[in-house]
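**Q** Sharing a structure below in structure tokens format, with a few things to ask.
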Amino acid sequence: VPLIALRQLVKRYNLGQPNEVEVLHGLDLRVAPGEFVALIGPSGSGKSTLLNILGLLERLTDGDYALQGQSVRDLQDQALTLLRRRALGFVFQFHHLLPAFSALENVTLPALMAEGRVSSAQRERARALLGAVGLAQAMDKRPGELSGGMQQRVAIARALVNNPPLVLADEPTGNLDTASTDAVFGLLRQIHEERGTAFIVVTHDPRLAQRCDRIVELVDGRIARDERVPPGAGQR
Ligand code: ADP
Ligand code: ADP
């Protein structure tokens, strides 16, 4: 079963009659479990819109999207929310950490929101993840006490706390310097290799795209390119 199967996916925004703008024009795309995909393309080409649809944050207009074999077209909001919690993790450019909470509390947030409480097993898992991303010493610090790269690593740990098969990352290193970018991206690759997590990473950075296994390029709401990256191309 493909992890993601898009069939003639169309997205239109209704800006009030008669103004409708079609942003995605019938995309066909399949992604297998455990793939590491770069999503590239010029500004305005539809990357964020596609990521929001893949992430069940926005609804499609036409065509179909099946996630783990399940068509999401006709799911009610509540079912979408449950599927999102079970199957998806998110990493954004601006990591959306809550400033008043510690790193550990931020990582356990998805569990808190899903179940209203954090079990001791979940807290242990969050600790282990923070250790794995190199923040064992910083678990009790608040985001404001951490560097940008460290904050992004907290956000990555948070995205993984429910062990989702798919992580969607929108410019995850967009606001980081080169050294932090390499560290954060290396961490994503490491997670991918250790756990088989699939990633779809939106990036403007051709160097990072070359370090993915596959590059999908959107131009004007269409897939203009979809190709494997030759092994070793990005000197991982
Ligand atoms: P990027 O290239 O980094 O995705 P954009 O400037 O294209 O940034 O878009 C930034 C955000 O603004 C996106 O989340 C997009 O959904 C939203 N956006 C872009 N254009 C419009 C619009 N015409 N109306 C409403 N939201 C928009
Ligand atoms: P990208 O992420 O590649 O920059 P976006 O998905 O943000 O592209 O935007 C693609 C197109 O959709 C742009 O023309 C943008 O203006 C438009 N758009 C994005 N979000 C909205 C929205 N909420 N309402 C109307 N138009 C939008």
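The values are calculated or read from the model by the stated rules, or taken from the named source; none is laboratory data. Worth saying up front: this structure is predicted, and the values here are computed from it rather than measured. Please note: Cβ atoms are built from the backbone with ideal geometry, for glycine as well, and neighbour counts cover all protein chains shown. These area figures cover heavy atoms from the full protein model, side chains too; ligands, DNA and RNA do not enter into them. Shrake-Rupley method; radii C 1.70, N 1.55, O 1.52, S 1.80 Å.
**Q** I'd like the antiparallel share, as a percent to the nearest 5, of DSSP beta bridges with both residues in the chain.
**A** Percent antiparallel among DSSP bridges in the chain is about 55.
**Q** Work out the charge dipole of the chain with +1 on the Cβ of Lys and Arg and -1 on the Cβ of Asp and Glu about the Cα centre, then indicate which of Leu146, Val23, Tyr65 is farthest towards its positive end.
**A** In the chain, that residue is Leu146.
**Q** Also: Using θ = phi - 60° and the Karplus curve 6.51 cos²θ - 1.76 cosθ + 1.60, what whole-Hz ³J(HN,Hα) does each residue of segment 214-228 get, with Gly and Pro shown as x?
**A** For segment 214-228, the Karplus-derived couplings read 8, 10, 10, 10, 9, 9, 6, x, 10, 7, 8, 7, 8, 9, 6 Hz, x marking Gly and Pro.
**Q** Within 10 Å, count the other beta carbons around each residue, average over each peptide in 4-16, 69-81, and list them highest first.
**A** Those peptides, ordered most packed to least, come out 4-16, 69-81.
**Q** With each pseudo-label sitting 7 Å past Cα toward Cβ, what's the Val21-Asn163 distance in nm, one decimal?
**A** Here the answer is 4.3 nm between the modelled labels.
**Q** Still on this model: Per residue, how much accessible area does segment 123-236 show when a 1.4 Å probe rolls over the protein heavy atoms, in square angstrom?
**A** Averaged over the residues of segment 123-236, the accessible area is 46 Å².
**Q** With the cut-off at 1.5 for a/c, could you classify segment 1-101 from its C-alpha gyration tensor as rounded, prolate or oblate?
**A** rounded
**Q** Starting at the first residue of segment 134-146, write each ³J(HN,Hα) from the Karplus equation 6.51 cos²θ - 1.76 cosθ + 1.60 with θ = phi - 60°, in whole Hz, x for Gly and Pro.
**A** Going residue by residue, I get x, 10, 4, 8, 10, 4, 9, 7, 8, x, x, 8, 10 Hz, with x marking Gly and Pro.
**Q** In deg cm²/dmol and to the nearest 500, what is the mean residue ellipticity at 222 nm of the chain if only DSSP H runs of at least 4 residues count, each as -39500 (n - 2.57), divided by the residue total?
**A** -10500 deg cm²/dmol
**Q** Follow-up. In sequence order, what are the phi-derived ³J(HN,Hα) couplings for segment 28-45 according to the Karplus relation 6.51 cos²θ - 1.76 cosθ + 1.60 with θ = phi - 60°, rounded to whole Hz, with x for glycine and proline?
**A** 10, 7, 10, 10, 7, x, x, 6, 10, 10, 8, 10, 10, x, x, 4, x, 7
**Q** Please compute the modelled spin-label separation between Arg207 and Arg86, points set 7 Å along Cα→Cβ, answer in nm with one decimal.
**A** Calculated label separation equals 4.1 nm.
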